[in-house]
Every structure is written in structure tokens, then in C-alpha cells.
Amino acid sequence: MRPPQVLREDTKKTIFIYFMDLCKTMHRQPEHVMTFLLAELGISGSLDGQQRLVVKGRFTPKFFEGILRRYVSKIHLCVT
């Protein structure tokens with residue numbers, strides 16, 4: 001899994017650029033991954049017109065990476 005790439009829009013939003021690519025790589029529905037991420041972050045967010053995940057708040061790529069690792073480990077536990 002490649003590291004998440006994010007950019008900041010204004011001072012209050014973070015955009016997860018390759019969100020859809022990540023979902024395809026993991027063979028997961030974007031809605032499921034988005035629901036998990038937003039619940040873990042405790043914030044609101046949505047997909048924009050370019051299918052990027054836009055969340056309220058300022059977050060680093062490392063922060064997203066940690067949450068995605070938890071997601072992958074939970075998927076692995078559920079599948080086995």
C-alpha cells in the first residue's frame with residue numbers, strides 16, 4: 001500500500017488525494033473505508049467531485065497511515 005497523499009485546503013480541510021485508488025487496491029467499497037476513517041477520526045467528511053476524500057480538520061499523511069493500518073488489521077482479523 002502506498003503512503004497516503006494529502007493536501008490542505010484552507011486551514012480547516014484535508015484532502016486525501018488517492019482515496020479511490022487505495023480502495024481499489026484493498027478491494028473494498030469506498031463507502032466502507034470512508035465510514036471507518038471518519039468514525040476513527042470522529043469528524044465529518046465526504047467525497048468531492050474528483051472522488052477524493054475531504055475531511056474537516058488538519059491531518060498529516062502519517063496520521064492517515066496509522067488509521068489505515070488499523071483498518072487493514074481489522075479486515076485481516078475478520079477474514080481469517
What is the number of the single condition among (1) part of a helix (DSSP H, G or I); (2) touching a residue at least 24 places away in the same chain (Cβ under 8 Å) that residue 38 does not meet? (2)
Just one of 43, 75 is out of contact with any Asp or Glu (no Cβ under 7 Å at 6 or more places or on another chain), assigned to a loop (DSSP other than H, G, I, E, B) and either at pLDDT 95 or above or surrounded by 10 or more Cβ atoms within 10 Å (Cβ to Cβ) (or both); which is it? 43
Counting just the residues of the stretch 46-66 that are basic (Lys, Arg) and under 15 Å from residue 4 (Cβ atoms), which one comes out modelled with the highest pLDDT? 52
Return the residues of the stretch 46-72 that are part of a helix (DSSP H, G or I) and more than 11 Å from the chain's Cα centre (by Cα); say none if nothing qualifies. 62, 70, 72
Out of (1) exposed (fewer than 15 other Cβ atoms within 10 Å of the Cβ); (2) in a loop (DSSP other than H, G, I, E, B); (3) within 12 Å of the chain's Cα centre (by Cα), the one residue 11 does not meet is (3)
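Give the stretch 18-37 a look and list any residue that's of a type in the set (A, V, I, L, M) and surrounded by fewer than 17 Cβ atoms within 10 Å (Cβ to Cβ), or say none. Before you say what the answer is, go through the steps one by one.
To start, the set of residues in the stretch 18-37 that are of a type in the set (A, V, I, L, M) comprises 20, 22, 26, 33-34, 37.
Hits for the stretch 18-37 are 20, 26.
May I ask you to list the residues in the stretch 1-49 that are farther than 19 Å from residue 74 by Cα, in contact with a strand residue (DSSP E or B) (Cβ under 9 Å, 6 or more places away or on another chain) and of a type outside the set (A, V, I, L, M)? First the steps, then the outcome.
Kept after step one, since they are farther than 19 Å from residue 74 by Cα, are these residues of the stretch 1-49: 5-18, 20-21, 43-49.
Among the residues that remain, those that are also in contact with a strand residue (DSSP E or B) (Cβ under 9 Å, 6 or more places away or on another chain) are: 5-9, 12-17, 20, 43-48.
Across the stretch 1-49, the qualifying residues are 5, 8, 9, 12, 13, 14, 16, 44, 45, 46, 48.
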Of all residues in the stretch 33-45, count the ones that are more than 10 Å from the chain's Cα centre (by Cα) and either of a type in the set (A, V, I, L, M, F, W, C) or more than 20 Å from residue 13 (Cβ to Cβ) (or both). 2
What is the one condition in (1) out of contact with any Leu (no Cβ under 7 Å at 6 or more places or on another chain); (2) closer than 16 Å to residue 2 by Cβ that residue 38 does not satisfy? (2)
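The values are calculated or read from the model by the stated rules, or taken from the named source; none is laboratory data. Bear in mind that the values here come from a model prediction, so they are computed numbers and not experimental data. Neighbour counts are summed over all protein chains in view; Cβ atoms, including those assigned to glycine, are modelled from backbone coordinates with ideal geometry.
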